1. Using θ = phi - 60° and the Karplus curve 6.51 cos²θ - 1.76 cosθ + 1.60, what whole-Hz ³J(HN,Hα) does each residue of segment 476-492 get, with Gly and Pro shown as x?
2. Efficiency by 1/(1 + (r/R0)^6): what FRET value for GLN442 and GLU86, r their Cβ-Cβ distance, R0 = 51 Å, to the nearest 0.05?
3. May I ask you to derive the FRET efficiency for SER401 and LEU449 from their Cβ-Cβ distance with R0 = 25 Å, giving the value to the nearest 0.05?
4. Can you give the angle from 0 to 90° between the axis of helix 148-161 and the longest principal axis of the chain, with both taken from C-alpha atoms, to the nearest 10?
5. For segment 140-212, which GluC sites (Glu not before Pro) pass both filters: DSSP loop (anything but H, G, I, E, B) and at most 16 other C-beta atoms within 10 Å?
6. Using the alpha carbons of segment 3-277, what is the convex hull volume per residue in cubic angstrom, as a whole number?
7. Enumerate the amide H contacts of LYS330 below 5 Å, restricted to partners 5 or more residues apart or on another chain; note that Pro and chain-start residues carry no placed amide H.
8. How much length, in nm to one decimal, is gained on full extension between ARG79 and CYS257, taken as 0.36 nm per residue of separation minus their Cα-Cα distance?
Amino acid sequence: MNERLIIFDTTLRDGEQSPGASMTRDEKVRIAKALERMRVDVIEAGFPIASAGDFEAVHAVAEAVRDSTVCGLARALPRDIERAAEALKPARSGRIHTFIATSPIHMQHKLRMRPEEVVERAVAAVKQARRYVDDVEFSPEDAGRSEIDFLCRVLEAVIAAGARTVNIPDTVGYSLPGPFGALIKTLIERVPNSDKAVFSVHCHNDLGLAVGNSLSAVLNGARQVECTINGLGERAGNAALEEIVMAVRTRQDQFPCEVGLDTTQILHCSRLVSNITGFPVQPNKAIVGANAFAHESGIHQDGVLKSRETYEIMRAEDVGWHANRMVLGKHSGRNAFKTRLRELGAELAREEDLNEAFLRFKDLADKKHEIYDEDLQALVTETNLATRNESAKFISLKVCSETGETPSAQVTLWFAGGERPGAAAGSGPVDAAFRAIESVVQSQANLQLYSVNAITTGSDAQGEVTVRLERGGRIVNGHGADTDILAASAKAYMNAVNKLFCDAPREHPQSGDAL
């Protein structure tokens, strides 16, 4: 029997550190339930000390998830660990993940601590965490640039203190697969009590090597990989869960371990995370990109038609492509709608929210003939956005655009307690719509990104728009969907503006330490 490779998903924590990728509590619960259905082993739900919202999100995930272990991140500080333990109280299986930097540059310039003090702090943090949960994980931040002798000393001490998992993070994405794999092998060989803990890795993608480094570590003895859906994460992101899982599953001739995930849920999770965060998946993305199993070359098409294995190393169905789906339409009833939402893990908590979503569904069905799963996921996201306590709401939009003429837009918004009209001209219809909105809300934000993707195929597909705004160094993403791309654009801009106005900034681990 092969050993089990533990999949530790940190989409809800490290993935959320992508600029603009902040998720609400309910959105985190939706993603967590999807990860649970995929049978992810460990779900890192957040950083409870970061904010009241983060604490509530971790607590909600701990209440909602029954089959996966729910993890909370904590610096090696007493208050952090207490807060994580409190957030994890409802969890059937809870884990506290604590960390402190161990590289010379971090200890000297950031922590301003001597190595002896770092060891003491690490041991104390693990012992404190063990008073709350049996499952404790420890990470030496910036392990890739730490001195090997000191790293061995820290790991031996925290394992002796009760850490069941020791995680080796490539915090700045500096490592290469060969040396990183050798580091893992050396640590396992040199740490005297290494057999008492699972060795884990957490790799960032700054050089595009997060997956390669993680797999090299697995080949050299690591038995947990920390990763995210779609490789989401700060800077260039993290190791992509879908790539790690399918590489190990596809190359069982090379890997002496196996994963226990239901891989048919991968595509659904990918689209859900993309839909909620507004971060689109590039078409040529491995496993979950639109072109991942597409063949245009005549030679490739001929080969696949004769025998799939000629050009495909895995089945599209194994990751969720081409699965049988219930296509809803204008004649579908409320029960069919509710049932499909439940199957997608996109249930709405309140009856009034379900009623609102069903009305939106009927309105959409009048605009397009067939409603697909992707449409339903976007619809639920739109409903969740509409029922939030927003300071500004989109009501209507009129845009005039004619060849040779300057485009203009008129908007009506709910703002400052009543309906407010706005109008502006722009270099294009979208620019005019955004300027018209700004004439009302006056957010003074800078537009950093405008992205449009079709949710499904066909000329009647909904357009999914992502808008990224920056103000005073704070970055937020806005999301909107509609069969009218201009309306979708206005909704996305309004969603981003509301985040700037309403969402309280949260402390990330970068403010003190980071993985």
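1. With the stated coefficients, segment 476-492 comes to 9, 9, x, 10, x, 9, 5, 6, 9, 5, 6, 5, 4, 5, 5, 4, 5 Hz.
2. FRET efficiency, GLN442 to GLU86: 0.80.
3. Values: r = 22 Å, r/R0 = 0.88.
Once the sixth-power term is evaluated, E becomes 0.70.
4. 90
5. GLU147
6. 111
7. It is none; the list stays empty.
8. This chain segment gains 60.3 nm when fully extended.
Taken together, the values in this text are just the output of simple stated rules run on the coordinates, not laboratory data. The model shown is predicted, which means the values in this text are computed figures rather than measured ones. Note that we place each Cβ from the backbone using ideal geometry, even for glycine, and neighbour counts take in every protein chain shown.
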